[in-house]
Structure formats: C-alpha cells, structure tokens
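For reference, the structure discussed in these notes is given below.
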Amino acid sequence: MSTRILSTSPLVGPALSELATRFPDLLLAPFRSPAWNSALAEAEALVVVLSNPITEADLTAAPHLKVIGTLSVGVNHLPVAACQARGIAIVSTPGVLTDATADIALTLLLALTRRVAEGEALVRSGQWQGWAPDQLLGPALAGKACGILGSGPIGLAFAHRVWALGMTPLFWDRDGSGGTVYFGGGQAPRLPLAELLPRSAVLSLHCPLTEQTRGLLDRAHLEQLPAGAVLINTARGGIFDEHAAMDLLDSGRLGGVGLDVYEGEPKLNPRWLQAPRTVLLPHLGSATVETREAMAQMLCDGLAKALTTCR
Ligand code: DGY
C-alpha cells in the first residue's frame, strides 16, 4: 500500500485515528527508521514532533510532499525557507498551548524561588528537624520587575500570571518598536534589552528560536541582570549562553535558573546537573492531556485541509 501520510508518532486523543479513517494510507513509523526513510518517497504529508529535525535532504527525498504538520508551536526543527520555496505548507499548533506553557514557566519560577525541590527532598530524607526562621529561604517576587522576552500569546499569558503575583512585567520583543504591550492585567512597557535587563529580578524567555534570537543573550547581557536575578526558559535552548549562565550561577551572581528546554536536548550539558539553584524539567511546557489533544486535533485538521486543497 502506498503511504500518503507519514507520522513519526501516535498522538494523544482520537485525532490521528480519525484522520486515518479519512486518509487510510497513513503509516506510523519511527523517525529515521528504514520504514520512515523509504516512505518519504511517496508521502504527501508528514506528521512530526519537535524532536524530529527535518532537513532539506528529506524534502528532496519526498518529491510528492505537500504539507508538514508539527505537534508544536515552534518550527525551528523544520527547513522553513526550503518549504516555502517548494510550496510545502507547514501546519503548527499555535494558541492551544499558551496557558499550559505559561503555567510551566510559573511552576519553574515558584519552584526555584520557594525552593520546592530542596524542601521536598528534606522531608523525604527523614532529616527534617522542624520549622526554623532561616530554613530554605528564597527571594520574594511581589513588588519586583519581571523581564519577558517575547510579546506573543505565551509571553502575555506569563505576564498576566506574574502580575497576579504582584510583579511588574516589562517586555522586549523582536519588533523593538517601544511603546506598551497590553497583557490582560494592564499595560507594560516594551523596552530595549539594555534597559530591561538591569531592572529584571526575573527574566523569562518566551520568544521563538529564529536566526534573530539564536544567541540573543550572551555573557555580557546576562551580567547586566541584577545580582540574584532568576532566569527562566520555556521557549527553546540556544537563546541564551548556557556556559555563561552556569558560570554566573557558580559565582553566585545569578540567583537561579529554571529550565524546561536545553540547547541540544534531550542531551544536556552535564554541568547543568551539578549547577546550584536550578530546577530542570524535561520539556513539559505543553504537557497537559487537554493541550496535547487540542494540538493533535489542530494538526490533523490542518493536514486534512492542506491535503484536500493543495494541488
Ligand atoms: C512547542 O510546541 O513548541 C512547545 O515547545 C511544546 O511544548
């Protein structure tokens, strides 16, 4: 049987099996398995996840390809320009993972500043001796400024959350036009990095990884943060200099780093595992049942539309 839709993964919920009833020539095969490699030759649609980097060579091996659906809002693992040049549509899943991702950024922030993992480990160790005035103290958040890089839906949703904690959101975005950003709780200024960084007790990244944002924050930028600042990344690895952040953690200059994403993930720099004042999660941003089902539905709807409308 020929393969019209080639998916690297089953998806959460009924969307993919419903798609298969409409387009029975659907093959599930692990990314880069022999079956996946050979089905490329006839595939009209690919279903991929963010850990499946598709190359221009894959496009060449797929002469009938009309559409790539990715179970992510980020498309940095896809050869976007080459797809555009060939008229291959890209279907991603914006919007439906906004709250889940903003929630995980907030989880990192609170877990880090309120030392949740250390407290839990202490209780489970059986060594807890009882309440003490100076036990596991962390910085307060209310009344401080939170720099947010990216004013897309997830950045706005995170701003709303930290505003509810009593923080003052400040934005930087690729637009760079100044002015203000409305985030649901009110207006916040859009600032150049040089003004935003020295004011940010917390800095949270919510911009996509693009050529413009790759390496956006180098060592000199991170050194502009106030002493004790906390860095949160739920966007993509590669936006800030991980080595510099680890050095600044070691020296005590950075107050903490909370990460859901890493440069080169799922392999991460082993220094992270030893770094003090860190909370490290395995890319859980969109990991709620409802969100993953909605992402799958959006992807499959977009794929069906592209397959019925593309030449
Ligand atoms: C995305 O969709 O790009 C997110 O990183 C998934 O959690």
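Brief remarks follow.
- Per-residue SASA remark: residue 104, around 30 Å² accessible (1.4 Å probe; ligands, DNA and RNA not included).
- Placing unit charges on each Cβ (+1 for Lys and Arg, -1 for Asp and Glu) gives the stretch 98-280 a dipole about its Cα centre, and among 227, 193, 141 the Cα reaching farthest toward its positive end belongs to 141.
- Accessible surface ranking that places the most exposed of 60, 288 first, with a 1.4 angstrom probe: 60, 288
- Whole-percent carbon and sulfur share, accessible surface of the chain, 1.4 Å: 57
- By the equivalent-ellipsoid construction on the alpha carbon gyration tensor, the chain comes out with semi-axes of 39, 22, 18 Å, ordered largest to smallest.
- For the chain, share of DSSP beta bridges that run antiparallel, in % to the nearest 5: 10
- Relative contact order of the chain, taken over Cα pairs closer than 8 Å and 6 or more residues apart, is 18 percent.
- When 160, 221, 77 are compared by accessible area of protein heavy atoms, the largest-first order is 160, 221, 77, using a 1.4 Å probe.
- Sites matching GluC sites (Glu not before Pro) across the stretch 132-230 that sit in DSSP coil, with at most 13 neighbouring C-beta atoms within 10 Å: 211
- Charge dipole of the chain about the Cα centre (unit charges at C-beta), most positive-ward option of 215, 94, 121: 94
- 26 Å tail of the calculated P(r), the stretch 98-280, as % of Cα pairs: 27
- The order of the peptides 196-207, 92-103 by mean Cβ neighbours within 10 Å, most packed first, is 196-207, 92-103.
- Packing-based ranking of 27-33, 254-260 yields 254-260, 27-33, ordered from highest to lowest mean Cβ neighbour count within 10 Å.
- Taken about its Cα centre, the chain carries a charge dipole of roughly 160 debye when the Cβ of each Lys and Arg holds +1 and the Cβ of each Asp and Glu holds -1.
- Accessible area in square angstrom per residue, the stretch 1-54, 1.4 angstrom probe: 46
- Using heavy atoms of the protein chains and a probe of 1.4 Å, the accessible area assigned to residue 149 is about 0 Å².
- Each Lys and Arg Cβ is given +1 and each Asp and Glu Cβ -1; about its Cα centre, the stretch 3-70 then shows a dipole of about 80 debye.
- Accessible surface of residue 83, taken over heavy atoms with a 1.4 Å probe and every protein chain present, rounds to 0 Å².
The values are calculated or read from the model by the stated rules, or taken from the named source; none is laboratory data. As the structure is a computational prediction, the values presented were derived from the model and not from experiment. Heads up, the Cβs are rebuilt from the backbone with ideal geometry, glycines too, and the neighbour counts pull from every protein chain shown. For the accessible areas, the whole protein counts, side chains as well, though only heavy atoms, and no ligand, DNA or RNA atoms are used. Shrake-Rupley method; radii C 1.70, N 1.55, O 1.52, S 1.80 Å.
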